[in-house]
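**Q** This is the structure I want to talk about, given as structure tokens.
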Amino acid sequence: MKKKLNINRTTRYNIMLLVLLAVLMVFFTIQNDRFLTLLNLMGIVRQTVPQALIACGLCFVVIAGGIDLSTGSCMGLSAIIYGKLCLAGMNAWLAVVLCLVFGVILAWINTVLSENLKIPSIMGTLATQLIAGGAALTIVKAIPISDKLVKPVTVMNQLKFFDKKVPLAFFIVLAVVLVFIFLEKKTLIGKYALAIGGNANAAFFSGINVWKMRFIFFALCSVLSAFSGVWMVGRLGSADPTIGRGMHFEVLSACILGGVNIKGGEGTIIGCVLGTYILAVLTNGMQMMDISSFYQQVVIGVVMLAALLINQLTANRAAKKAAIAKAAA
Amino acid sequence: MSNATANNLSKSKLKLTMDGVQNLAIFAIFVVICIVGFALEPQLFPSKNNIVNILVSNSSVMIAAPTMCFVLLSGNLDMSPNGVGAMAGVLFAIFARAGMPVGVSAIASIAIGAVCGFLCGFIISKLELPSFIISLAFNYITLGVALIGAGGAIISAGLPGNIDDLSQTISGVPLPVVYAIIIVVAFLIIQSKTVFAREVTAIGANSSAAKLSGISLVKNVSAVFALNAIFASFAGVLVTSRFSVADSGMLPGFETDCIIACVLGGTDINGGRGTVFGTLIGALIVGVLTNIMNMLGLVSYTQNIVKGLVLIGAILLNDAIRTKVKV
């Protein structure tokens, strides 16, 4: 493809998101001069590690025309598995690895439900959400595990570099985002996700192994969710089965805000990351302005609605323009 | 899909339709579950108290599930009943506390819920946006309004004494159950007798064909979402009235319960197929199952596991009936 001067719609949308993020940050800095400090910004990054990681994973799933509602429950169950394994005397880091394996198993179940049994992924993952969430609570009878044995992972949260200013969280998020951008731009995963999301049948007949690709997308998402579960254990110091409550919708709204088309075939990792941090900055800034947390839900809903409307209206305009150009030719 | 609609349209009394087979299968499962319940607790399960209990605790789902069935029929999903219901319940309590008569405050709060639902449906159909995500945004907004209204706490002080008028028990029959039965019967009639139901089904089966044959998408989808919001709000108002307490978390997982009832009842989540009767049986199955699990001493979070498995099983059963059974 020849490089053209005019930028495409996706890039334009991402630039718009970046501008929105900048405007929000300027606004909150004017409101409270402590907003734009390294401490606060790193605090935002640390608080939203699960959101940022899962948003990257979910991005591919949604681009490929699926959806994963089981992420929050996956976090909870993985935290409980980690806690139980530690209580059984296993090495904490080996337990973390087993949690990631659990993520792969959950992804396999989701893939079988959606590809082999042909259950739409919104219903299949809703079922796994109910099952995994119920299982997490049942295993521990709804009581968090706060034994000393689960503490080893808390070092992940405490580790800081550069004069104890930049937490490990920042590097983890940065690394995951960079890996995902690499996967999206430089490997076939990103291309295939777009192809499957655009038309799964056409993708299948042009030789793409749809089952395998869907499994990879679900696996990326679930493994990152499972890791986020362990991460939250590290932050809280206890394995709580409800740590992922509402996470699936939170992450999904970040992806939608980031310009991912819920019907599939459109979206970027950068957009998802920007979407996540717009929501995070909104939440943090509103807290600093002493706005009650009750308003945050309304704001998130309105922002989501606005993003969808803007995206759809510009898409309609672009489609109209293309139609006119076609008619002229 | 078009076959399904054709089947619906040429419903003859003697021949069993696909929907008939599906409803029979679901009814059989319902009977089996009831027999299991009877076998487990021969004394307790069939007692009048227990049956009334099942119906009352299930009344919210029975009230909102028929309209959810219509939403699914039109090929959409509504994730907002939880938020809309909570908002209506909280507003109802606020209006009643401010001294408005109970009936008027109920109607006012339901009207506000209806406006939200209408807006949601209008945006979805006018801009052709995916219903799942738009209704999710509305869920956030309405739930947020409920939280702000209740101030993050519960509203119980200062409510008028007659707030439970709407959900009294009159000579042993609780009013919520009466409402649920009236609503289900009304929607059974609407589905079999009105053009509106046909148009909604046609939209779900093939929206572009429906559009080309002169059916207004905007009008029908907006109406369907407004209806669903009305009955979700009504459920929220009833819960508030029943417990004389308004709480923004009064209907947790309400949308999931309604969707599960519909799917269990044979409604296709891709639209174009489903019956109100099946939905009613689906809601009752969930109610009876929950009741049995409660009697067995299973806690609510363990019941979620069963709910998830039932959801998968129901979808697989529907698929099997649709592809294997030839009518």
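The values are calculated or read from the model by the stated rules, or taken from the named source; none is laboratory data. None of the values given here were measured: they were computed from a predicted structure. Counting neighbours? That spans all protein chains shown, and the Cβs are built from the backbone with ideal geometry, glycine included.
**Q** Can you pull out every residue in region A:101-148 that is among the basic types (Lys, Arg) and at negative phi? Even if it seems obvious, please write down each step before you answer.
**A** Applying the first criterion (among the basic types (Lys, Arg)) to region A:101-148 yields A:118, A:141, A:148.
Scanning region A:101-148 gives a single hit, A:LYS148.
**Q** For region A:276-329, which positions are within 8 Å of chain B (Cβ to nearest Cβ), of a type in the set (A, V, I, L, M, F, W, C) and surrounded by fewer than 19 Cβ atoms within 10 Å (Cβ to Cβ)?
**A** Scanning region A:276-329 gives A:PHE294, A:VAL298, A:VAL299, A:VAL302, A:LEU309, A:LEU313.
**Q** Looking at A:LEU137, A:LEU126, which one is in contact (Cβ under 8 Å) with a residue 12 or more places away in the chain and in contact with a Phe, Trp or Tyr (Cβ under 7 Å, 6 or more places away or on another chain)?
**A** A:LEU137
**Q** Among the residues of region B:104-126, what is the count of those that are within 18 Å of B:THR240 (Cα to Cα) and either touching a residue at least 24 places away in the same chain (Cβ under 8 Å) or within 11 Å of chain A (Cβ to nearest Cβ) (or both)?
**A** 6
**Q** Quick check on region B:133-180: of everything there that is in a loop (DSSP other than H, G, I, E, B) and under 17 Å from B:ALA98 (Cβ atoms), which residue is farthest from the other protein chains (Cβ to nearest Cβ)? Spell out the reasoning first.
**A** Initially, region B:133-180 is screened for residues in a loop (DSSP other than H, G, I, E, B), giving B:151-153, B:156-160, B:168, B:171-172.
Filter once more, so that each one left must be under 17 Å from B:ALA98 (Cβ atoms): B:151, B:156-160.
Numbers: B:GLY151: 8, B:SER156: 18, B:ALA157: 19, B:GLY158: 20, B:LEU159: 21, B:PRO160: 25 Å.
Per the criteria, the residue is B:PRO160.
**Q** I've got another one for you. Confirm whether B:MET79 is assigned to a helix (DSSP H, G or I) and among the hydrophobic types (A, V, I, L, M, F, W, C). Step through it out loud before you land on a result.
**A** Numbers: assigned to a helix (DSSP H, G or I): no; among the hydrophobic types (A, V, I, L, M, F, W, C): yes.
It is false that B:MET79 is assigned to a helix (DSSP H, G or I) and among the hydrophobic types (A, V, I, L, M, F, W, C).
**Q** Among B:ALA283, B:ALA226, which is within 18 Å of the chain's Cα centre (by Cα), modelled with pLDDT of 95 or more and assigned to a helix (DSSP H, G or I)?
**A** Among B:ALA283, B:ALA226, only B:ALA226 is within 18 Å of the chain's Cα centre (by Cα), modelled with pLDDT of 95 or more and assigned to a helix (DSSP H, G or I).
**Q** Identify the residue in region A:143-163 that is touching a residue at least 12 places away in the same chain (Cβ under 8 Å) and farther than 13 Å from A:GLY83 by Cα and, among all such residues, is farthest from the other protein chains (Cβ to nearest Cβ).
**A** A:VAL155
**Q** On to the next question. Out of all the residues in region B:244-254, is one or more within 13 Å of chain A (Cβ to nearest Cβ) and at positive phi?
**A** So far as region B:244-254 goes, yes, one or more of its residues are within 13 Å of chain A (Cβ to nearest Cβ) and at positive phi.
**Q** Now a separate question. Which residue, of A:LYS165, A:LYS191, A:LYS118, is closer than 16 Å to A:MET213 by Cα, among the basic types (Lys, Arg) and touching a helix residue (DSSP H, G or I) at 6+ places or on another chain (Cβ under 7 Å)?
**A** The conditions single out A:LYS118.
**Q** Condition check: under 23 Å from B:ILE259 (Cα atoms) and outside any loop (DSSP other than H, G, I, E, B). Does B:GLY37 satisfy that?
**A** For B:GLY37, the condition - under 23 Å from B:ILE259 (Cα atoms) and outside any loop (DSSP other than H, G, I, E, B) - is not met.
**Q** Is it fair to say A:VAL112 is more than 26 Å from A:LEU274 (Cα to Cα), in a helix (DSSP H, G or I) and away from chain B (no Cβ under 14 Å)?
**A** It is false that A:VAL112 is more than 26 Å from A:LEU274 (Cα to Cα), in a helix (DSSP H, G or I) and away from chain B (no Cβ under 14 Å).
**Q** For A:ARG46, state whether it is within 21 Å of A:VAL176 (Cα to Cα) and basic (Lys, Arg).
**A** yes
**Q** Does any residue of region B:156-167 turn out to be aliphatic (A, V, I, L, M), touching a residue at least 60 places away in the same chain (Cβ under 8 Å) and farther than 28 Å from B:GLY265 by Cβ?
**A** Yes, some residue in region B:156-167 is aliphatic (A, V, I, L, M), touching a residue at least 60 places away in the same chain (Cβ under 8 Å) and farther than 28 Å from B:GLY265 by Cβ.
**Q** OK, next. For B:LEU129, all conditions in the list (1) closer than 20 Å to A:GLU250 by Cα; (2) surrounded by fewer than 22 Cβ atoms within 10 Å (Cβ to Cβ); (3) more than 12 Å from every other protein chain (Cβ to nearest Cβ) hold save one; what is the number of the exception?
**A** So the condition that B:LEU129 fails would be (3).
**Q** Could you check, for region A:261-269, whether at least one of its residues is modelled with pLDDT of 90 or more, in a helix (DSSP H, G or I) and more than 10 Å from chain B (Cβ to nearest Cβ)?
**A** yes
**Q** In addition: Look through region B:278-316, keep the residues that are over 25 Å from B:PHE70 (Cα atoms) and away from every other protein chain (no Cβ under 13 Å), and return whichever of them is surrounded by the fewest Cβ atoms within 10 Å (Cβ to Cβ).
**A** Among them, the one singled out is B:LEU296.
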